[in-house]
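I have placed the structure first, in the form of structure tokens, so that the comments after it can refer back to it.
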Amino acid sequence: MISNLTVAILNGVVWGLIMALIALGLNMIFGLLHIINMAHGALYMLGAVVAWYFIELTGSFWIALIIAPLCVGVIGLIIERGLIRKIEDKPIITIICTFGVMLAVQQLVLMIFGGSPRRIAPPIAYRFPIFTLQYPLMRIMIALISIGLMSGLWIFLRKTKYGLWMRAVVQDREMAVGLGIPVNKVYMWTFVLGSALAAFSGVLAAPIVSVEFMMGRDVLIMAFIIVIVGGMGNLEGSVLAAVMISLIQGIGSLFVPPSIATIFALAFMIIVLLVRPQGLFGE
Amino acid sequence: MFLQKGKSFGFILIFALILLVLIALPFSVDLFYQTFLTELFVWILFAISFDLIFGYTGLLSFGQALFFGLGSYTVTILIRKFGLNTELSLLLSIVIPILFAWFVGYFSVRLTGIHFVIITIIFAIIGNVIGDTWTSLTGGADGLTFSPPPFRLGFFQINLMDIKGNYYFVLTIVAISFLFLRRMIQSPLGKVFISIRENDERARLIGYNVQRYKLIAFMIAGGLSGLAGGLYSLTLKYASAGYLHWSVSGHAVVYTIVGGMGTLIGPALGAAIVMSLEHYLINFLQATDLVVGIALVFMVLVAPKGLVGLIQSRLKRGKTSA
């Protein structure tokens, strides 16, 4: 029992950190551009798929982990410049537009990659013992990489010029324009960064889940939930909410059927939306 | 243009003409196309019910799949497990989704913009999870099959197991629903919906209880989505938890955007065009949704008022230049 519980907690933390990266990307885009990117889950999936091809080609997971986010970042650039730029002042329309992008990306992957799920073998096969069970070291690595990336992101937002610009645009767009901040560029790079984050977490998740064209559909909803619970535009809140929700889910599924746990989580969400639309951790 | 005041004669003429063609069609096309057209009518109903809530009232609901699935399960379960007759089952496939829409809408209409979109998605997911889990009632992802008894109204009787009979049955109900929605939108109630879409703050200042009217629109749209689900099940003799998935609502979004939101004719046209396109493309392309996705993005960027909007602006330009 104790070993099951430990594994559930570890799994919850690992998955929570992956979800935190996805939700961070979604929330950065929301906080700055005020749009809900329905294609975010598809970009996550695309990251995993591109990584699969690179691993086939080069045999190295680590190269794929660097290159796949770059590729998806370029796609994010095209989406932002080509589509979202033109309709950015209409939030509801951007939801529909990115829904269309989601459909197109998913189906394109279905055509090229095929519909059957594939696996990416973890590059570190070692398992260490936890009480009576064995736990893959790779998952710990995944958690550490996520934490590293999030710390990097935090430093980027706090200590660099671009980070300062991004925070300034979130606070007061008009004033930022007045101060000569290139707001358009900030929008563009935020979207690219968000897309790359989604792809990066897709690659990280690939050794745990299976890679297939629909893998982003439920993750997208999960990311929405995290962003709402953590507070829209509140990045630290997203990280907290991701780990918290994922832990509750992981531990809860030891005791109740997962579907019941999901329903409770969703009902909880509705209450948060109605009572605290600014999120649990918002001011 | 042809949808505006004083043009209802033109509308009646066109509507009657299309109806006549559709009535005559089963005599010249085979059973496969009759089924295809019947499904098309169902999706048209789903799309125009979505148009009421999105195109006219301005609320983007991704939760219509919940009502569609509820309607389809109401018919399937009542006929299969309780042996109820088709008439009453179909009636309840409107009533039960309306009750659920009342419940969902009660919470949802308090929120606006993106929050509204997300809360409707969440409600649909709850429905989908319950449908997937409660397999003894719903059959889960495998679904349930059934054979509907004939539809009786007085002496009038239609055998729904017959494809042609089913075709006329669905056509009749969808045509009536279309006229009902059109009439309602032209009524003072419809004008309130439109005023909420245009500026809900101003509608509130005039003295309308905006949330109540949003709830009314949501319930009517939910009931008609349920009817569409019920008809879909009567056509396919089948229902599954997949119908409750929020992405099913995406169909209605696509048809409405491609055809032109807030026009009723538009979503119907959009459904006809997109479904025909998909039907044609399936011969070469495994992934027909690719084209649907691209079409959606293209329309949003190039013609946000849809095909009907394009036609209208073309007509207007023709008139001023003449």
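The values are calculated or read from the model by the stated rules, or taken from the named source; none is laboratory data. All of these numbers come straight from a predicted model, not from anything done at the bench. Neighbour counts are summed over all protein chains in view; Cβ atoms, including those assigned to glycine, are modelled from backbone coordinates with ideal geometry.
For this structure, a couple of remarks:
- Tabulated pairs, the stretch B:178-198, first among the hydroxyl-bearing types (Ser, Thr, Tyr), second assigned to a helix (DSSP H, G or I) and loosely packed, with under 13 Cβ neighbours inside 10 Å, C-beta under 8 angstrom, 6+ apart or interchain: B:SER195/B:ARG202; B:SER195/B:ILE206
- Check on B:PHE54, under 30 Å from A:PRO258 (Cβ atoms), within 14 Å of another protein chain (Cβ to nearest Cβ), crowded, with 24+ Cβ neighbours inside 10 Å and touching a residue at least 24 places away in the same chain (Cβ under 8 Å): no
- Of the criteria (1) surrounded by fewer than 18 Cβ atoms within 10 Å (Cβ to Cβ); (2) within 14 Å of another protein chain (Cβ to nearest Cβ); (3) of a type outside the set (A, V, I, L, M); (4) without any contact (Cβ under 8 Å) to a residue 12 or more places away in the chain, which one A:PRO129 fails: (2)
- In the stretch B:61-83, the residues that are part of a loop (DSSP other than H, G, I, E, B) and crowded, with 24+ Cβ neighbours inside 10 Å: B:SER61, B:PHE62, B:GLY63
- Check on B:GLY250, within 12 Å of chain A (Cβ to nearest Cβ), of a type outside the set (Asp, Glu), part of a helix (DSSP H, G or I) and within 22 Å of B:GLY105 (Cβ to Cβ): yes
- Options A:ILE228, A:ILE221: the member that is surrounded by fewer than 22 Cβ atoms within 10 Å (Cβ to Cβ) and within 12 Å of another protein chain (Cβ to nearest Cβ): A:ILE221
- Residue satisfying condition, being out of contact with any Cys (no Cβ under 7 Å at 6 or more places or on another chain) and within 17 Å of B:SER93 (Cα to Cα), within set B:PHE54, B:PHE36, B:PHE62, B:PHE46: B:PHE46
- Criterion applied to A:ALA265, A:ALA261 was being closer than 22 Å to A:ASN27 by Cα, within 14 Å of chain B (Cβ to nearest Cβ) and either at pLDDT below 80 or surrounded by fewer than 19 Cβ atoms within 10 Å (Cβ to Cβ) (or both), and the one residue passing it is A:ALA265.
- Tally, over the stretch A:72-96, of residues that are within 8 Å of chain B (Cβ to nearest Cβ) and surrounded by 16 or more Cβ atoms within 10 Å (Cβ to Cβ): 7
- Lone qualifier among B:ILE206, B:ILE194, B:ILE257, B:ILE216 - being under 30 Å from B:ILE311 (Cα atoms) and away from chain A (no Cβ under 14 Å): B:ILE194
- For the stretch B:182-222, the set of residues classified as under 20 Å from the mean Cα position of the chain (by Cα) and among the aromatic types (Phe, Trp, Tyr) consists of B:PHE193, B:TYR213, B:PHE218, listed by residue number.
- Qualifying residue in the stretch A:233-245 (condition: in contact with a helix residue (DSSP H, G or I) (Cβ under 7 Å, 6 or more places away or on another chain), in contact (Cβ under 8 Å) with a residue 12 or more places away in the chain and closer than 30 Å to A:GLY115 by Cβ): yes
- Some residue of the stretch B:262-284 being at the interface with chain A (Cβ under 10 Å from one of its Cβ atoms), surrounded by fewer than 20 Cβ atoms within 10 Å (Cβ to Cβ) and either more than 19 Å from B:VAL174 (Cα to Cα) or out of contact with any Gly (no Cβ under 9 Å at 6 or more places or on another chain) (or both): no
- Of all residues making up the stretch B:285-306, the number that are over 23 Å from A:VAL109 (Cα atoms) and surrounded by 19 or more Cβ atoms within 10 Å (Cβ to Cβ): 1
- Here the stretch B:84-117 is the region considered, the condition is being more than 30 Å from B:GLU201 (Cα to Cα) and either within 11 Å of chain A (Cβ to nearest Cβ) or free of Cβ contacts under 8 Å to residues at least 60 places away in the same chain (or both), and the residue that is surrounded by the fewest Cβ atoms within 10 Å (Cβ to Cβ) is B:LEU88.
- Considering only residues in the stretch A:97-123 that are part of a loop (DSSP other than H, G, I, E, B) and buried (at least 17 other Cβ atoms within 10 Å of the Cβ), the one that is farthest from the other protein chains (Cβ to nearest Cβ) turns out to be A:PRO122.
- The set of residues from the stretch B:118-170 being away from every other protein chain (no Cβ under 11 Å) and in a helix (DSSP H, G or I) comprises B:SER136, B:LEU137, B:THR138, B:ILE163, B:LYS164, B:GLY165, B:ASN166, B:TYR167, B:TYR168, B:PHE169, B:VAL170.
- With respect to the stated conditions, A:ALA199 is buried (at least 17 other Cβ atoms within 10 Å of the Cβ), at pLDDT 85 or above, more than 13 Å from every other protein chain (Cβ to nearest Cβ) and under 25 Å from A:ILE84 (Cα atoms).
- Residue pairs meeting the criteria (Cβ under 9 Å; at least 6 apart or on separate chains; first in contact (Cβ under 8 Å) with a residue 24 or more places away in the chain, in the stretch B:149-161; second surrounded by 12 or more Cβ atoms within 10 Å (Cβ to Cβ) and small (Gly, Ala, Ser)): B:PRO150/B:GLY165; B:PHE151/B:GLY165
- Residue in the stretch A:172-181 that is touching a residue at least 12 places away in the same chain (Cβ under 8 Å) and part of a helix (DSSP H, G or I) present: no
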